[in-house]
1. Kindly evaluate Glu25 against the criterion of being farther than 20 Å from His164 by Cα, modelled with pLDDT of 95 or more and more than 8 Å from the ligand (Cβ to nearest atom).
2. From the residues in region 39-84 that are of a type in the set (Asp, Glu), open to solvent by 50 Å² or more (accessible area, probe 1.4 Å) and not in a helix (DSSP H, G or I), which one is nearest to the ligand (Cβ to nearest atom)?
3. How many residues are without any contact (Cβ under 8 Å) to a residue 40 or more places away in the chain and under 14 Å from Gly27 (Cα atoms) if we restrict to region 113-141?
4. Could you please find all residues in region 169-189 being open to solvent by 30 Å² or more (accessible area, probe 1.4 Å) and under 28 Å from Ile96 (Cα atoms)?
5. Considering each residue of region 117-143, count those that are among the aliphatic types (A, V, I, L, M) and within 8 Å of the ligand (Cβ to nearest atom), and give that number.
6. In the list Gly139, Gly156, which residue meets the criterion of being loosely packed, with under 14 Cβ neighbours inside 10 Å and under 25 Å from Glu80 (Cβ atoms)?
7. Could we say that Leu183 is at pLDDT 95 or above, more than 18 Å from Phe24 (Cβ to Cβ) and not hydroxyl-bearing (Ser, Thr, Tyr) here?
8. Hey, can you tell me all the residues within region 85-107 that are among the charged types (D, E, K, R) and more than 10 Å from the ligand (Cβ to nearest atom)?
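The values are calculated or read from the model by the stated rules, or taken from the named source; none is laboratory data. It should be emphasised that the depicted structure is a prediction, and the values quoted were computed from it without experimental measurement. Positions of Cβ are backbone-derived with ideal geometry, glycine not excepted, and every protein chain shown enters the neighbour counts. SASA here: full protein model, heavy atoms, side chains in, ligands and nucleic acids out. Shrake-Rupley method; radii C 1.70, N 1.55, O 1.52, S 1.80 Å.
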Amino acid sequence: MTEQPRPPAPPAGEPSVQGLFVAFEGGDGAGKSTQARLLGEWLTAEGRTVQLTREPGGTDLGQHIRDLVLHGEDVAPRAEALLFAADRAHHVESLIRPALQRGEVVITDRYLDSSAAYQGAGRDLGADEIRDLSLWAVGGLVPDLTILIDLPSVVGRQRRGGVHDRLESIEGDFHERVRQHFLDLAQRDPGRYLVVDGELAPEAIQQQVRERVRAVLGVSA
Ligand code: TYD
């Protein structure tokens with residue numbers, strides 16, 4: 001395959017991205033997928049073009065990486081971090097950035113905060129280094145809004161029952177460290193985060209999500 005020429009850079013001062021980029025984050029079992037889907041349905045009904053996607057596994061290549069990293073044999077922690085970053089780099093380049101440049105809404109179930117929380121804080125690889133790795137991988141693209149669905153890790157574990165992938169099955173305080181890191185990120189940048197109590201009913205969570213997205217889009221109720 002020959003390399004395609006890159007589109008010219010936009011003139012200085014013009015935003016390079018016209019769409020809306022929303023990420024859902026949170027521990028396992030928090031209900032992110034349901035909330036992402038409900039938000040997508042609502043925005044579609046409002047007339048927006050929506051790309052609903054996820055990490056890892058939002059692309060064909062990403063699906064292979066997902067199988068390797070979640071359901072394969074043991075992966076060294078640094079290799080695990082690089083695999084999630086590789087999935088993200090491809091996801092952004094081939095799906096997310098083009099959609100945003102077309103003015104669409106992209107809703108992703110997990111993005112780079114998941115790496116900072118799971119690999120950085122959970123695996124103890126250094127949250128800042130892991131964040132820098134992901135930022136490099138995605139050319140600095142961060143969401144307009146990150147919605148953190150917060151849930152005590154014991155509740156998440158109960159909800160998942162006996163089914164665990166490689167990360168979910170980690171014991172000890174791993175999942176509480178993950179949760180705390182998500183909360184710290186949100187607290188540091190409240191303008192770009194919404195934190196919702198994951199123990200509320202799904203409809204109540206969705207109501208808060210829509211209110212905030214309305215505010216970000218600047219549309220009335
Ligand atoms: P997820 O798709 O939310 O789980 P499921 O749909 O199976 O409930 O996430 C898969 C797992 O991958 C989850 O345990 C979190 C982990 N993960 C990381 O450790 N780092 C990352 O960067 C991402 C995106 C996910």
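1. Numbers: farther than 20 Å from His164 by Cα: no; modelled with pLDDT of 95 or more: yes; more than 8 Å from the ligand (Cβ to nearest atom): yes.
No: the conditions fail for Glu25.
2. Going residue by residue through region 39-84, those that are of a type in the set (Asp, Glu) are 41, 46, 55, 60, 67, 73-74, 80.
Of the ones still in play, those that are also open to solvent by 50 Å² or more (accessible area, probe 1.4 Å) are 41, 46, 60, 67, 73-74.
If we keep only those that are not in a helix (DSSP H, G or I) too, we end up with 46, 73-74.
On the way: Glu46: 26, Glu73: 16, Asp74: 14 Å.
Among residues in region 39-84 that are of a type in the set (Asp, Glu), open to solvent by 50 Å² or more (accessible area, probe 1.4 Å) and not in a helix (DSSP H, G or I), the one nearest to the ligand (Cβ to nearest atom) is Asp74.
3. 1
4. Taking region 169-189 first, the residues open to solvent by 30 Å² or more (accessible area, probe 1.4 Å) are 169-173, 176-177, 179-180, 183-184, 187-189.
Those that are open to solvent by 30 Å² or more (accessible area, probe 1.4 Å) and under 28 Å from Ile96 (Cα atoms): Arg179, Gln180, Leu183, Asp184, Gln187, Arg188, Asp189.
5. Going through region 117-143, the residues among the aliphatic types (A, V, I, L, M) turn out to be 117, 121, 125, 127, 130, 133, 135, 137-138, 141-142.
Those still in the list that are within 8 Å of the ligand (Cβ to nearest atom) too: 117.
Of the residues in that region, 1 qualify.
6. Working: Gly156 fails: loosely packed, with under 14 Cβ neighbours inside 10 Å.
Step by step, each of Gly139, Gly156 is checked, and only Gly139 is loosely packed, with under 14 Cβ neighbours inside 10 Å and under 25 Å from Glu80 (Cβ atoms).
7. Values: at pLDDT 95 or above: yes; more than 18 Å from Phe24 (Cβ to Cβ): no; not hydroxyl-bearing (Ser, Thr, Tyr): yes.
Taking the combined requirement at face value, the residue does not satisfy it.
8. Going through region 85-107, the residues among the charged types (D, E, K, R) turn out to be 87-88, 93, 97, 102, 104.
Of everything in region 85-107, those that are among the charged types (D, E, K, R) and more than 10 Å from the ligand (Cβ to nearest atom) turn out to be Glu93, Arg97, Arg102, Glu104.
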